[in-house]
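Values quoted throughout were computed directly from the atomic coordinates according to the rules given, and no laboratory measurement underlies them. Since this is a predicted model, take the numbers as computed values, not measurements. Glycine also receives a Cβ, built like all others from the backbone with ideal geometry; neighbour counts cover every protein chain displayed.
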Amino acid sequence: MRTRIIVSCVVMLIALNGVVLAKSWRVAGAIVHMRQDEYEAAIKLLEADVAESPDNAEAWAYLGDAYAHESEFMKAADAWSRAEEIYSRKNKKKKIDKILQSREFFWSQAFNAGHEHLARALSFNNPEFVPEEGETRAGALDKAEEGFVATYHVFDAHPKTLFMLGLVYEEKANYYGELDAEEAVDVTEYDLDTGAAAQRRVKAGEYADEMWDKVLDTYEMAVGAKRADMSGPNWDEKTPPGEYLRKVVNSCLRLEKYERALAVIDPLLEEKPGDMMLLNAKAAVLNKLGRVDEAIATYQVVAETTEDPKIKGEVLGEIASYYLKKEYEGRDPKKAIEFLEQALEFTPDDYRIYINLGKAYGEIGEYEKGKEYLRKGQELYEQQ
């Protein structure tokens, strides 16, 4: 009753002052409801208004705000987009800027909620973490996914949203991968296109595999959004495009999709030819593809480029290990010795280098020298 009186007063005051109504009576009433946090009532009025007057940009804009307050972010985004489209035709830049402010506000709210739940899910790995009553790692991950899916609709395909969703899916893959593969689990999923939640029962191992595929797909979407240079609140300036691509590469390696990994790595290396992580990843991928000569050549670039003695020693040792592999056509114990002795200059305490030297010298008939290196390697191993 009180609300009806207020709405009537608002309409009467406008009429008595002889002002041309900028707002319909429904929009005026909806504003009153929204100021009292009565968003369901506001939505009913605004939905009726846009049904009757589909070109009322103001009604669409307020409807977007009302939907967002009810966490119906997909509907909110659609309503805001309708308002922006109408305002654009009328060249109402200030009105469009106001809608952008609404998007930014609700994006931040949903994003922060997702981030907080992801942080809590990760805290379960900390033995000192005390969860709230009834809180579970899986439940926190579900809430994190819900928050980030919501942000996806406020700003379509925002790169930071997709990057964080990739992290959530990665954590889900790890969590369910730790369970017995045959264990039946109830999982909650949020559809990225509709925002709808659905529950289903599935084996933990199968679900972990599904999540890894989802991880890769989501990171690739994030890369596409980042390259499109989308703008928005909390723009991800601190995370360079290379970090997005690294996530794609790591996911490809995890899923053994090596050709797909190379398609990401090679363009990156053209931009940053000395990137150690990318070079190491490429060498590992080439090895998995059986292109050992190319893998060795790539590792040699790393050894020549890096200034870190530990990395140089490890890479030289890795090169040597290829020359000791029986399945490698270019197998050559003497070349292995050459690289291993170089590696010793940089990592003199690496027991693996001594053991491989022992094996290599034994193969070329220098048994005493081989035994000496093997003893040294055993001593270093036992000291660890």
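At 0.36 nm per residue, minus the direct Cα-Cα distance, what do Lys288 and Asn91 gain on full extension? Give it in nm, one decimal, please.
Here the answer is 65.2 nm.
D for segment 26-176, whole µm²/s, Stokes-Einstein with Kirkwood Rh over alpha-carbon pairs at 25 °C and 0.890 mPa s: what number?
146 µm²/s
Using only Cα atoms, find the angle between the long axis of helix 2-16 and the longest principal axis of the chain, and express it within 0 to 90 degrees, rounded to the nearest 10.
With both axes taken from Cα atoms, the answer is about 70 degrees.
Calculate, in nm to one decimal, what Asp191 and Glu133 gain on full extension: separation in residues at 0.36 nm each, minus their alpha carbon distance. Don't jump to the answer; show the numbers that get you there.
On the way: separation 58, 0.36 × 58 = 20.88 nm, distance 2.79 nm.
Value of the extension gain: 18.1 nm.
Order these peptides, 92-99, 110-117, by their mean beta-carbon neighbour count within 10 angstrom, highest first.
Result, highest mean first: 110-117, 92-99.
Order by neighbour count: Val302, Val130, Val292, fewest other Cβ atoms within 10 Å first, most last.
Ranked by crowding around the Cβ, least crowded first: Val130, Val292, Val302.
Alpha carbons only, please: Rg and Dmax for the chain, in angstrom.
Cα-based Rg and Dmax for the chain come out at 30.1, 109 Å.
How many lysine pairs are close in segment 321-384, with Cα atoms under 15 Å apart and the two 8 or more places apart or on different chains?
Step by step, the pairs that qualify in segment 321-384 add up to 12.
How big is the shadow of the Cα convex hull of segment 113-251, averaged over all directions, in nm²?
That works out to 8.7 nm².
Put a dot 7 Å past each Cα toward the Cβ at Glu366 and Asn125; how far apart are the dots in nm?
The two pseudo-label positions are separated by 4.4 nm.
Using only Cα atoms, tell me the angle between helix 204-227 and the longest principal axis of the chain; keep it within 0 to 90° and round to the nearest 10.
70 degrees
Among Thr136, Thr188, Thr306, which comes first, second and so on when ranked by fewest other beta-carbon atoms within 10 Å?
The most exposed by this proxy come first: Thr136, Thr188, Thr306.
Before anything else, pin down the relative contact order of the chain: Cα pairs under 8 Å, at least 6 apart, normalised by residue count, whole percent.
Normalised by residue count, the contact order of the chain is 7 percent.
Pulled fully out, how much extra length does the chain show between Asp308 and Glu382, if you take 0.36 nm times their separation in residues and subtract their Cα-Cα distance?
That pair, Asp308 and Glu382, stretches by 24.1 nm at full extension.
Based on the alpha carbon coordinates of segment 24-101, what radius of gyration and maximum Cα-Cα distance (Dmax) apply, in Å?
11.4, 32
If you rank Thr305, Thr151 by fewest surrounding Cβ atoms within 10 Å, what's the result? Don't skip to the answer; put the middle values down first.
Values: Thr305 15, Thr151 28.
If I rank by nearby Cβ atoms, fewest first, I get Thr305, Thr151.
Can you tell me the order of 119-125, 73-79, 294-300 when each peptide is scored by its average per-residue count of other Cβ atoms within 10 angstrom, highest first?
Highest mean packing first, the order is 73-79, 294-300, 119-125.
Compute the helix-to-body angle for 292-305: its Cα long axis versus the longest principal axis of the chain, expressed 0 to 90° and rounded to tens.
80 degrees
Please give the calculated 222 nm ellipticity per residue for the chain, where each DSSP H segment of at least 4 residues contributes -39500 (n - 2.57) and the sum is spread over every residue; nearest 500 deg cm²/dmol? Mind showing how you got there, number by number?
On the way: 17 runs with 276 residues, N = 384.
Helices in the chain give a 222 nm mean residue ellipticity of -24000 deg cm²/dmol.
Quick one: pull the percentage of alpha-carbon pairs in segment 306-384 with a separation above 20 Å.
Cα-Cα pairs in segment 306-384 separated by more than 20 Å: 27 percent.
When ranked by the protection proxy of mean other Cβ atoms within 10 Å per residue, highest first, what sequence do the peptides 331-338, 168-175 form?
With the highest mean Cβ count within 10 Å placed first, the list reads 168-175, 331-338.
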